[in-house]
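Right, one structure below, let's go through it.
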Amino acid sequence: MSENKNSVAQEESKASSEDKQSNSMWGGRFKDGPSAIMQAINASIDFDKRLYAQDIRGSLAHAAMLESVGIISAEDLAAIQQGLAEIKQEIEEERFEFSAELEDIHMNIEARLKSKIGDAGARLHTARSRNDQVATDFKLWCRDSIDRMIVDVASLQSALVDQAENYADAVMPGFTHLQTAQPVTLGHHLMAYFEMLERDKGRLKDCRIRLNENPLGSAALAGTPFPIDREQTSSALGFDRPTRNSLDAVSDRDFALELLSVLSLSAVHLSRLADEIVLWASAQFKFIELSDRFSTGSSIMPQKRNPDAAELVRSKVGRITGQHTTLTLVMKGLPLAYSKDMQEDKVPVFTAVEDYELCIAAMTGMIRDLKANKGEMAKAAALGFSTATDLADWCVRELNMPFRNAHHVTGAIVALAEKQNKELKDLSLEEMQSVEPEIHTGIFDVLSIEASVGSRQAFGGTSPQNVKAAVAYARNHLL
């Protein structure tokens, strides 16, 4: 019985201690501490602790500015700098004890700093609020992630360029409506994805430009009466300028929404490439082989080589796009300035960035390991009357025939070949002349798939010569 009483007393003492800790965070306004349910819904430390490096970086810049304008002493600054350096080391060495009662990464670090250096740590929060602090930290985290993802995208582009060069003259069917349309080269096809990723990379860079304004110094919502130097903290943190409106600065999450939008669109591009890899690797296509590193087997069918990595990349677009929708719905009805709803801004961004980086890494590996079956691709490219357009173009060039007339003639010749179960190049001259008497032996110069792709030399076309030029340009402009 006495043991139970002691246990209850210890729990009450612990609860009282936690209440005091929470109350000290909020000041003297609240008499009682939060309920367990309130703590559970209110705390964000489980996910926002990944902002620790950005939070410490922002605090160091803020402290240096406070000292330079005379708000804190040089001694306090030195103590803050030393304390924050030690806290960073504790976190990175996994010796830091995170507390849900302190809600978030900002208060966890501040509480630890005060316990280490006393009053000097308590002075750090002068002229700022958690509102401008979290906006600054989150922008820094997004900016760091963008810088990293730009490099990741460039690595995938490099893999595409290398393979495009390897297969600059490897002929394959080009499709519209997933029906054979005209022959193209695998190199040209891969460089199409290079271009998509180039636009994605440009959007990441644009997003970075717009987010690179410093909220720090906006305080809770109205600015601060202290004589701070926001240009100094902006420069120290690598921002282009301070934000111009304190209300907007603490309540803006456009940068996060824009980043999610960019990642959603880029994930669509990755998903399209992944889907093609799935098709190309199938027994029905046999265009490519994937390495063991990016394939799996079947638990029951020993012959199977499943393109699981590609399939999972294809599926991730739903998760990433879903995160964009999530944050859009969080922000859609919020009045100025900060609302606690905005605590829900981080998980969608953290999740989407993590998924996107994994997709980029997986796709880069798959493309680098990919081996093309040139014979199978060429065989498929020759099917489906893929050089019919070349026949029509030849009639325009050589017979001075209006294109619509040439289109009609070609259609009739295709019907004839289809009826006889032949490809166009296998028809005799007499058979073609039965449709159009002026056709001569020169027609056979354009009906091979190699001649077809080789003739596409207009800028942006699929000829091997163009692919090699596109590869050279890409190598010179990558990143």
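The values are calculated or read from the model by the stated rules, or taken from the named source; none is laboratory data. Not measured: the values here are computed from a predicted model. Quick reminder, even Gly has a Cβ in these numbers, built from the backbone with ideal geometry, and neighbours come from all protein chains shown. The area values use the complete protein model at the heavy-atom level, side chains included, leaving out ligands, DNA and RNA. Shrake-Rupley method; radii C 1.70, N 1.55, O 1.52, S 1.80 Å.
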Problem set entry | Pair A78, T176: separation of 7 Å Cα→Cβ label points (nm) | 7.5
Seminar exercise, completed: What helix-only [θ] at 222 nm does the chain give? Using -39500 (n - 2.57) per DSSP H run of at least 4, over all residues, to the nearest 500, the answer is -20500 deg cm²/dmol
Exercise. Sorted by average packing, counted as other Cβ atoms within 10 angstrom per residue and highest first, what order do 219-227, 72-80 take?
Worked result: 72-80, 219-227
Problem set entry | For peptides 431-438, 140-147, sequence by mean Cβ density within 10 Å, most packed first | 140-147, 431-438
For this session: Normalising by the residue count of the chain, find the relative contact order in percent from Cα pairs under 8 Å and 6+ residues apart.
Result: 16
Exercise. What Kirkwood hydrodynamic radius do you get for the chain when you take the inverse of the mean 1/r over all pairs of distinct Cα atoms, in Å?
Worked result: 27.1
Exercise. Can you pull the Rg over Rh of segment 23-146, Cα-only, Kirkwood?
Worked result: 0.96
Seminar exercise, completed: Using alpha-carbon positions, the gyration tensor of segment 402-442 gives root eigenvalues a ≥ b ≥ c; with a/c under 1.5 called rounded, otherwise prolate if a/b exceeds b/c, else oblate, the class is oblate
Exercise. Rounded, prolate or oblate: which fits segment 249-400, taking a ≥ b ≥ c as square roots of the Cα gyration tensor eigenvalues, rounded meaning a/c under 1.5, else prolate when a/b beats b/c?
Worked result: oblate
For this session: Keeping all protein chains in position, work out how much accessible area E357 exposes to a 1.4 Å probe, and write it in Å² to the nearest 10.
Result: 40
Seminar exercise, completed: Mean separation of Cα contacts under 8 Å (at least 6 apart) over the residue count of segment 158-251, i.e. the relative contact order in percent, is 21
For this session: With the full set of protein chains in place, find how many percent of the accessible area of the chain is carbon and sulfur; take the probe as 1.4 Å.
Result: 51
Seminar exercise, completed: Pairs over 23 Å Cα to Cα, from K316/K468; K286/K419; K139/K340; K49/K340; K49/K201; K205/K346, come to K316/K468; K286/K419; K49/K201
Problem set entry | Estimated dipole of the chain in Debye, rounded to 20 [Cβ of Lys and Arg +1, of Asp and Glu -1, Cα centre] | 280
Exercise. How do the peptides 250-262, 233-245 rank, highest first, by the average count of neighbouring beta carbon atoms within 10 Å per residue?
Worked result: 250-262, 233-245
Problem set entry | Within-12-Å neighbourhood charge of A61 [Cβ basis; K, R +1; D, E -1] | -2
Seminar exercise, completed: Length-normalised contact order of segment 277-429, Cα under 8 Å, at least 6 apart, in percent, tallies to 22
